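Just below is one structure, and these are the notes that go with it.
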Amino acid sequence: MNLFADIRALVIDSLNAMVAAGDLPEGLDMANVAVEPPRDAAHGDMATNAAMVLAKPAGLQPRVIAETLAARLAADDRIVTAEVAGPGFLNLRLAPALWQAVVNAALAAGRDFGRSDMGKGIKVNVEFVSANPTGPMHVGHTRGAVFGDALAALLDFAGHEVTREYYINDAGAQVDVLARSAYERYREANGLSPEIAEGLYPGDYLIPVGEALKEKYGTTLLDKPESVWLADIREFATAAMLQMIRDDLALLGVRMDVFSSEKAITASGRIEEAIETLRGMGLIYDGTLEPPKGKLPEDWEEREQTLFRSTAHGDDVDRPVKKSDGSWTYFAPDIAYHWDKVHRGFDQLINVFGADHGGYVKRLKAVVSALSNGRVPLDIKLTQLVKLYKNGEPFKMSKRAGTFVTLRDVVEQAGADVTRFVMLTRKNDAPLDFDFDKVLEQSKDNPVFYVQYAHARVCSVIRKATEAGIAADDATLGAADLTELAHEAEIGLAKKIAEWPRLVEIAARGHEPHRVAFYLYELASDLHAHWNRGNEETGLRFIQDDAAVSQAKIALARAAGVVISAGLGILGVTPAEEMR
RNA sequence: GGCCCCGUAGCUCAGGGGAUAGAGCGACCGCCUCCUAAGCGGUAGGUCAUAGGUUCGAAUCCUAUCGGGGCCGCCA
């Protein structure tokens, strides 16, 4: 049940009736007609811009349209008043029964309240994390993991068919470096001193891998040339790293549906297929690139390479797919991988990358555009840096030094719920400060706590009522007579609840899970405020002497709790039943 | 040099064509005999970086400029 959608439908019907009656010309585009909550609640419950949007194409004064529309809307028994205001806004007041019905709908649907079918039949692939399998996940990966997982959950809630996917970069030079690093740890496990040369991965996490290699190979690989052991150790170490990454993701409650391997795609011949397909479109050619403007690299020299004409699909320059020695660039398997995704029948692709991959956005969009003939949109969400603070001091992370702060460090200190919520209370493209001290604070300064507390209060009311002998189970609350729920403060809370289905669609459409977090904060705030009004006006308390009246009021609280629970579910945060 | 993101209250940030631009923190003043005061109410605080443009209407869209960050052919 989406009350805003219902009323918009009523407005559109009324406009069509006006067309039929000759009050409006035919053929008007009503796509921009919106029904939304007014900025100022004093204006009414909902406002529509219909008259202003249609005035110009209809060749009429906005107020003329608004007056006629108002008269028609007022005839519907759901509309109490329809007033023309300002330049042509139409402010609507709705019958209290509609808001009460929202409470009923929330109780009937439970955590499914707000689910949408806007994504029905749309297959979406959300690729996220895709960290190199060369070490544990760090803080930056954590943000991408949380964002991608919440976005996937949001799209699912909005009715899409969602696949969570991880692309394993297990074919490039970095996994050779991993193999060499692991080999040194293998030597170490055999009592030799490791030589962690410059450029190898120095982290301790490879020590157990070295020991496992000793278990498997004993001393047989010692003092053998790299050509003997590289491939085997690479495979072994990559598998170990991937398992570590899966464990890290599990700490956050993130589970992937599909792991795609760069190595497998390369071996499958997909690269050649994809490049030939592009060549058939005239988008592959041999040529040379202009040197980058500004600071010229010292060793710049012109070389002929195989290039992808990405400029034909919106990129700024064409991009090399082959190095001058004829081997593939990193971009080539990416082309094959995205071609593979298109071929798997997805209708929309979403990639979540760190902001340092910003330079790849245009060329990947060009690839997907070319290979899907423009059918499949690719949205790339870049997550900005996370700055960690503790005791007022910034935490540094440096993968090279082996001293970077890992996902595990963060989750063990802050907990998965807190980590997830905090990382979602910011737009993906804004930098994020993560202060361990603030994030663990139990006060209203901490949004995680604040929202959790609101949910716990609802649970508390239900417990108290039950103890007092008032049935407050969902079935009873769902059947409660809500006509008692008429106070302006109670209707106000119901209105906030009514915004939830609309919020879900807006957030899903924009691929913006942070909107859920902000909405939950607002809803929690409304609930806390309403709770405190009970101090002054005892008639607003949830538990009253009369059981039936109590049940109506508790139903309202429970409806808010249901929405908080559903929203936290999307964010991957457990709703607290009590605070400790 | 080019491309991408950002610039909104003292601070951290929402809002991203619509009415008088919001929240939290910090400051100040109030609220517990009462379902959790782990909370609530109020006051103060703004040339929405700047300058043009589009529009009935711009913090929001476009252009330019300034400031911050990121990226920029054989690294992944």
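The values are calculated or read from the model by the stated rules, or taken from the named source; none is laboratory data. Note that the structure is a prediction, hence the values are computed from the model and not measured. Every residue, glycine as well, gets a Cβ built from its backbone with ideal geometry; the counts of neighbours run over all protein chains shown. When the accessible area is computed, the model is the full protein with side chains, heavy atoms only, and any ligands, DNA or RNA have been set aside. Shrake-Rupley method; radii C 1.70, N 1.55, O 1.52, S 1.80 Å.
Just a few scattered comments:
- For the stretch A:418-518, chymotrypsin sites (Phe, Trp or Tyr not before Pro) meeting the loop criterion (DSSP other than H, G, I, E, B) and having at most 16 other Cβ atoms within 10 Å: none.
- Rounded percent of accessible protein surface that carbon and sulfur make up, the stretch A:1-86, 1.4 Å probe: 49 percent
- Mean separation of Cα pairs under 8 Å and 6 or more residues apart, divided by the residue count, gives the stretch A:163-279 a relative contact order of 42 percent.
- Two-decimal Rg/Rh across the stretch A:52-100, once Rg and the Kirkwood Rh are taken from alpha-carbon atoms: 1.06
- Protein accessible area in the stretch A:443-571, 1.4 Å probe - carbon and sulfur %: 48 percent
- Percent breakdown of C-alpha pair distances by 5 Å bin, ordered from the shortest bin, for the stretch A:182-236: 5, 21, 34, 28, 11, 1
- Compactness of the stretch A:3-94 is given as radius of gyration and Dmax, 11.8, 34 Å, from Cα positions.
- Its Cα centre serving as origin, chain A has a Cβ charge dipole (Lys and Arg +1, Asp and Glu -1) of approximately 160 debye.
- Summary of packing: across the peptides A:5-15, A:257-267, the per-residue average of other C-beta atoms within 10 Å ranks them, highest first, as A:5-15, A:257-267.
- Helix-only [θ]222 nm of chain A, DSSP H runs n ≥ 4, -39500 (n - 2.57) each, per residue, nearest 500: -15500 deg cm²/dmol
- Using C-alpha pairs under 8 Å with a sequence gap of at least 6, the mean separation divided by the residue count of the stretch A:3-94 gives a relative contact order of 27 percent.
- Summed over the residues of the stretch A:3-94 and divided among them, the accessible surface reaches 49 Å² per residue at a probe radius of 1.4 Å.
- The listed peptides A:468-480, A:203-215, ordered by packing as a protection proxy, come out as A:203-215, A:468-480 (highest mean of other Cβ atoms within 10 Å first).
- Legend: distances between Cα atoms for A:Lys362/A:Lys390; A:Lys323/A:Lys362; A:Lys224/A:Lys322; pairs beyond 26 Å are A:Lys362/A:Lys390; A:Lys224/A:Lys322.
- The convex hull defined by the C-alpha atoms of the stretch A:399-448 has an orientation-averaged projected area of 4.1 nm².
- Per-residue ³J(HN,Hα) for the stretch A:554-566, Karplus 6.51 cos²θ - 1.76 cosθ + 1.60, θ = phi - 60°, Hz, x for Gly and Pro: 5, 4, 4, 4, 5, 4, 4, x, 4, 5, 4, 4, 5
- In plain terms, the bigger the Kirkwood radius, the slower the diffusion; for the stretch A:475-527, with that radius from Cα pairs, at 37 °C and 0.692 mPa s, Stokes-Einstein puts D at 261 µm²/s.
- Geometric descriptor of the stretch A:423-580, per residue, is 118 Å³ (volume of the convex hull of the Cα atoms).
- Dividing the C-alpha radius of gyration of the stretch A:253-358 by 2.2 N^0.38 Å, with N its residue count, gives 1.22.
- Burial order of peptide ranges A:316-323, A:158-165 (average beta-carbon count within 10 Å, highest first): A:158-165, A:316-323
- For chain A, the relative contact order comes to 16 percent (Cα pairs under 8 Å, sequence separation of at least 6).
- ³J(HN,Hα), Karplus 6.51/-1.76/1.60, whole Hz, each residue of the stretch A:268-278, x for Gly, Pro: 6, x, 4, 4, 4, 4, 5, 5, 5, 4, 5
- Using the alpha-carbon positions of chain A, Rg (one decimal) and Dmax (whole number) come out as 29.2, 93 Å.
- In Hz, Karplus ³J(HN,Hα) per residue of the stretch A:205-221 (6.51, -1.76, 1.60; θ = phi - 60°; x = Gly, Pro): 4, 8, 4, x, 5, x, 5, 5, 5, 5, 4, 7, 10, x, 10, 5, 9
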